Each structure stands twice: as structure tokens, then as C-alpha cells.
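Here is the structure we will look at, set down as C-alpha cells.
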Amino acid sequence: MNQNELKKAAALAALDFIEDDSIVGVGTGSTVGYFIEGLASIKHKLQGAVSSSEDSSAKLRALGIEVFDLNSVDYLDLYVDGADEITEHKHMIKGGGAALTREKIVAAVAKTFVCIVDGSKQVDILGNFPLPVEVIPMARSYVARELVKLGGDPVWRQGVVTDNGNLILDVHNLEILNPVELEAKINQIVGVVTNGLFAKRGADIVLVASESGVQQL
Ligand SMILES: O=C[C@H](O)[C@H](O)[C@H](O)COP(=O)(O)O
């Protein structure tokens, strides 16, 4: 199986977690793209979805799935999303698609976060994938200097503007030994909207697809 087939296998396995008549929290990215295709096949059972990006909202609507404003929803049972890296502690780096802030918001509302990945995303220590940080545009240089003080090498993802109108710095060469602490520390830098460490609120269930099938962690 190639990587896309593995992403699809993990994504379709997440459909089993959806309750009848529910509103599903939907993440962003290529793995979630397969999940959205799968959702279309059971859309008659759903009220609809809350989405973490304009991209996912457009895909959902194109398949006839209603997209609700998060402000009109008090409660979400389930949030399904991919990751760029994930550890055995279910801590993640996310934001390769620049959707990290909205993803973190929808995840915060949901009772259960189901992370869907192919086996290549599993790591012992986070940080080989550069850590995305969403930044208010006028603070870009200041935040970059502060990230250097934390030991990282920030690189501006030029040409990318987030759905919130902000910029992304990708921080290379960080040694992430304590993800919970680093997530909080980076979020305290003035001008940072949020960073792509999902450690304080990690995943609850991980569905990992490999040649031998989809394993639930
Ligand atoms: O901003 C993007 C998200 O955090 C994605 O969940 C993450 O980048 C994984 O994406 P993909 O499923 O395309 O590998």
C-alpha cells in the first residue's frame, strides 16, 4: 500500500466513531480529505459538521454536508484530524497545512479527539517536522527573534496567509523534550496566536494505518 492508501484506511476507520444525528468536528489536510469523502457516504445519519478550515468547509459543502458555525454549537462529541507527527503519549505536531489555530479551537470543544495517521507520522520525539507557529503579521520578526532564544531556527513560510489573516513561522531544529512546557512557553510570546504543538490537549484515540491494518492506540 502506498502512503495515500494508508491515509485513506486510517480515515475510513474513523467513521465508526460517529454517532447518529451528531455534528462532527472535521480537521484539515490530505488524510482528512479521505475522511470527508467517507462522511459523504453516511451524511444522511449526520446533522452536519464543524470545520477547522475554509478548505475543509468547501469540501464538506461540495458533498452536501452542512457546515455549522462553531459559535452555534455548544458541544461536540468527536473531532477527527490528522497530524504531522505523533508520539506514544498522543502529543502531536500539527499545522503543516497552516490550519493549526482553528484545529486547536475545534479540538478544545470536542469531547474526543480521534487522530488519523499513516505509520510514517509516528515518532519517539517530536521536532523533526518543523514546528508551525501562527503569528500576527506585525510581530513576525520579533517572534522569530524570541524563537531563536528558545533554540529554534524559524523560517517564514512565505506566500502563506492563514484563514485568520496571519503568517506562519516554521521552527526547525527544536529539541522538544517537554512538549507541554514548550507549547505553553511559545504561546506566551506576544504576537503568537498559537503553535502547532498539541500536547496539553493531545489526541484521545489514534488510528494508525500500516500494511498490517489499522491499529487503535
Ligand atoms: O494544518 C494542517 C493539519 O494540522 C494537518 O492535520 C496536518 O498537516 C496533517 O496533514 P496531512 O493529513 O495532509 O498529512
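Using the Karplus equation 6.51 cos²θ - 1.76 cosθ + 1.60 (θ = phi - 60°), what ³J(HN,Hα) coupling, rounded to whole Hz, does each residue of the range 183-197 give in order, writing x for Gly and Pro?
4, 5, 4, 5, 5, 7, 6, 4, x, 7, 7, 6, 10, x, 7
Beyond a 22 Å Cα-Cα separation, which of these cross-linked pairs lie in this structure: 90/185; 45/200; 59/104?
45/200
In Å², what does the accessible area per residue of the chain work out to with a 1.4 Å probe?
Details: 10120 Å² over 217 residues.
Using a 1.4 Å probe on heavy atoms only, each residue of the chain averages 47 Å².
Treating cross-link reach as a plain straight distance, find the aspartates and glutamates whose alpha-carbon is under 14 Å from the alpha-carbon of residue 43, omitting any fewer than eight places away in the same chain.
By straight Cα distance, residue 43 reaches 16, 19, 20, 21, 66.
Which angle between 0 and 90 degrees, to the nearest 10, do you get for helix 3-13 versus the longest principal axis of the chain when only C-alpha atoms count?
For 3-13 against the chain, the angle is about 60 degrees.
Taking H as built 1.01 Å from N, whose amide H comes closer than 5 Å to the amide H of residue 112, not counting residues under 5 places away?
78, 79
May I ask you to give the percent of accessible area on the chain that is carbon plus sulfur, with a probe radius of 1.4 Å? List each step's numbers first, then the result.
Details: 4960 of 10120 Å².
Exposed carbon and sulfur together represent 49 percent of the surface.
Taking Cα atoms, how many degrees apart are the long axis of helix 100-109 and the longest axis of the chain, rounded to 10 and kept between 0 and 90?
Tilt relative to the chain: about 50 degrees.
Semi-axes of the equivalent ellipsoid of the chain: what are they in whole Å, largest first, if each equals the square root of 5 times a C-alpha gyration tensor eigenvalue?
28, 20, 14
Using Cα centres only, tell me the gap between the range 147-217 and the range 46-78 in whole Å.
23
Beyond a 22 Å Cα-Cα separation, which of these cross-linked pairs lie in this structure: 8/94; 7/94; 8/111?
Working: 8/94 18 Å; 7/94 16 Å; 8/111 24 Å.
From 8/94; 7/94; 8/111, over 22 Å: 8/111.
What percentage of all Cα-Cα pairs in the range 131-196 are separated by more than 16 Å?
36
Sort 77-88, 133-144, 155-166, 4-15 for me by packing, meaning the mean count of neighbouring Cβ atoms within 10 Å per residue, highest on top.
77-88, 4-15, 133-144, 155-166
Can you tell me the 0 to 90 degree angle between the C-alpha axis of helix 140-149 and the longest principal axis of the chain, rounded to 10?
The answer is roughly 80 degrees.
The values are calculated or read from the model by the stated rules, or taken from the named source; none is laboratory data. Fair warning: this is a prediction, and the values are worked out from it, not measured in the lab. Every residue, glycine among them, receives a Cβ derived from its backbone with ideal geometry; neighbour counts consider all protein chains shown. To get the accessible areas, we keep the full protein, side chains included, count just its heavy atoms, and leave off ligands, DNA and RNA. Shrake-Rupley method; radii C 1.70, N 1.55, O 1.52, S 1.80 Å.
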